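A quick write-up on the structure given underneath.
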Amino acid sequence: MADRIKKFFQKKKTDARFKMAGPGHKLSESTLSSQSSNVQCSKKEVPIKRSGLSEESKVAAEAALSRLQQKRENPSFNTSLAAIQAQVKKELENERANQMSEASASKSMTTPSEIHKREIEDVPRNYAASGVYFKCPLISNDILPRDEWKKNIKTFLYEQLEEERGLTACLIIQSCNNNREKVDTCVETLCKYLENIITQPEEEKFQKIRMSNRVFAERVQPIEGSMELLLAAGFIQQKVPNADGMEEDFLVFQKNNVPSVESLVTLIDGLRTAEPIQLELDRNLQVLLPSQAANKVQLPPSFYALSPEEIKREQQLRQEAIERSQMLRTKAMREKDEIREMRKYKFAIIRVRFPDGILLQGTFSVYERYNDIHEFVRENLEHDLPFVLSMPTGHKVTLEEDANKTLIDLRLVPATILTFAWHSSVAEQIHNSPNKDVFLKPEVMVLVQEVALAMNKLLRCVSIKSAIFRSCSLRHVKLLALQALLVCLREVYYLLF
C-alpha cells in the first residue's frame, strides 16, 4: 500500500507538469493544418499578448554579463562576481516570470506566493526571520506557512476523490484531522465494519449502519473523510424503517457497488497503513552581514509554543521567584528551569559565523539534531571538506559525540551563533590555498541583501538608457553611467571588506 501511495502522488505531479506544458500536437500534423487551426482559434479567442524582455532590460543584462565574464586573480572577488552574475540572471528570470504570470493568470486571484510576499514585506525589520515556512514535496515545490499548506493539502485530496475514492479517503482521514486518538478510534471502527462484511457476507445486520447509533455518531461521523471511505466501500445513504416503523437514515451496503470482496480488504489495508501527508520544515536560508545580524534579533510569534504575552508573563513570574530564593537554588534546579524555558519554543534560529564575517542562517525545529545543522552547513559550502562548529562558550560540537543530540540538549534554543572553522586535518591545506577566503557557494552568496540591492540599483540606472540617454547631453550620459558603476562597486566593497 505504501508503494501504491507513492505512485499515486508521483502520477499527480507528472499530470501537473503535462498540463503546464500546454496542448499537445501530432508529429504527423502538417504545418498548413496547424496554421489554419491556429487561425480558426484566433477568430474565436482573443490572444494574450506575451511581450518578451524590454529592450532596456536586454541591454542592461548583456552589458552586465559581458563585464562580469572577465576573470580576476583575487579568488574572493571572483566569488562576489559570480554571485552578482547569478543575481543578474535571477533578475531576468523574475522579470520574465512576472510578465508570463501577468498575461496568463487571472488578475482578480491572489496566489499563495503573493500572500507569502506580502507577509514578508509586513515583517518588522528587527525580526530574525519572516516566519516559519514548510515544503511538501509530495504535492508541489511551494514554500508556504503551515496553515496555508493545510488548506492546500485538503483541496488537493478532495480533487482526487472522483478518480481514486478509496485511497484518497484514507489519506483525508489521516491528513485532515488533528486529534490522533480520535483518528485511530475511527480507523479501528471502520475496519471492524468492513471485516464483519468480509467474514459474514450473508449477515444482514452487518450490512446496515444506523447513522443515529452512538458509536457511529461519536467515533466515525465527526472524522473528516470517514463518509467518503464508506461510500468507496459500497455503502449508500438511504432511509430505512426501524423497529418502530419510523424511517431513519442508514448507510446500507450494496454489493454491486464494489468490484469484489478483495477491494474491501484493500481498503482495510489502506486504512491501517496510510500516514498523514508530512510537511518538511524549510530552512528559510539567509546570508547576513554582521551589521544585519546585529539588528535582526527578535523572533516572530510563530517560533513560540505559547503566545509572546504568555511567555513574558511567565518569565516575569519566574524571575520574581528566582530573586526570592536565589540563595537556595542548586545547579540542578537551574538547569531544570533552563530546559523548561527552552521547551516553550517550537523552532530555533541557528546562525553560523564564517571567518570573513558572513553569517549563514537557518530555521530548525527544537527537536532536530546536531547532525541536521552540520548537513545544512555542508550543503552550502563551496568546498566539501571537514569542518567543526564551536558554541559561544568555545566548546566544539562534533559529529562523533553530538550528532544525535537535539537542539534542546545542546542548549541552542531559541537562537545561537556557532563559529565555523576548518577541521585540523585540512586547516593547513586550506591556509596555503589561493581560495582560502572562499567559504559559501556563489549561489548562496547572492542571498546577501546588499548584493541584491546593488544589482537592483544598477539595473534601474542602466535601464533608463534608451528612454533618457537620447534626450541628455553626452556629459549627462557619462555622469549617469558613472553613478551606476559607483553604486555597484560600493556595495561589493562593503560585502568584501
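The values are calculated or read from the model by the stated rules, or taken from the named source; none is laboratory data. Computed from a predicted structure; not experimentally measured. Glycine gets a Cβ as well: all are built from the backbone with ideal geometry, and neighbour counts include every protein chain shown.
Odds and ends about this structure:
Residue-by-condition table, conditions (1) of a type outside the set (F, W, Y); (2) modelled with pLDDT of 95 or more:
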position: V366; (1), (2): yes, no
position: N371; (1), (2): yes, yes
position: H374; (1), (2): yes, yes
position: E379; (1), (2): yes, yes
position: F387; (1), (2): no, yes
position: G394; (1), (2): yes, no
position: V413; (1), (2): yes, no
position: I417; (1), (2): yes, yes
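- Criterion: in the same structural domain as T406 (by TED's automatic domain parsing) and at pLDDT 75 or above - qualifying residue of S302, S325: S302
- Strands (runs of 3 or more DSSP E) fully within the range 196-293 counting 3 or more residues that are buried (at least 17 other Cβ atoms within 10 Å of the Cβ) and touching a residue at least 12 places away in the same chain (Cβ under 8 Å): 247-253, 286-288
- Note on the range 419-449: among residues that are of a type in the set (S, T, Y) and out of contact with any Lys or Arg (no Cβ under 7 Å at 6 or more places or on another chain), the one that is modelled with the lowest pLDDT is S433.
- Count - residues of the range 342-384 that are surrounded by 15 or more Cβ atoms within 10 Å (Cβ to Cβ) and either of a type in the set (V, I, T) or without any contact (Cβ under 8 Å) to a residue 24 or more places away in the chain (or both): 9
- Boolean, L474 is at pLDDT below 65 and touching a Ser or Thr at 6+ places or on another chain (Cβ under 8 Å): no
- Taken together, the residues in the range 168-195 that are under 21 Å from D249 (Cβ atoms) and without any contact (Cβ under 8 Å) to a residue 12 or more places away in the chain amount to 1.
- Residues (in contact with a helix residue (DSSP H, G or I) (Cβ under 8 Å, 6 or more places away or on another chain), assigned to a loop (DSSP other than H, G, I, E, B) and under 29 Å from N295 (Cα atoms)) located in the range 413-453: V413, P414, K436, D437, V438, K441, V446, V448
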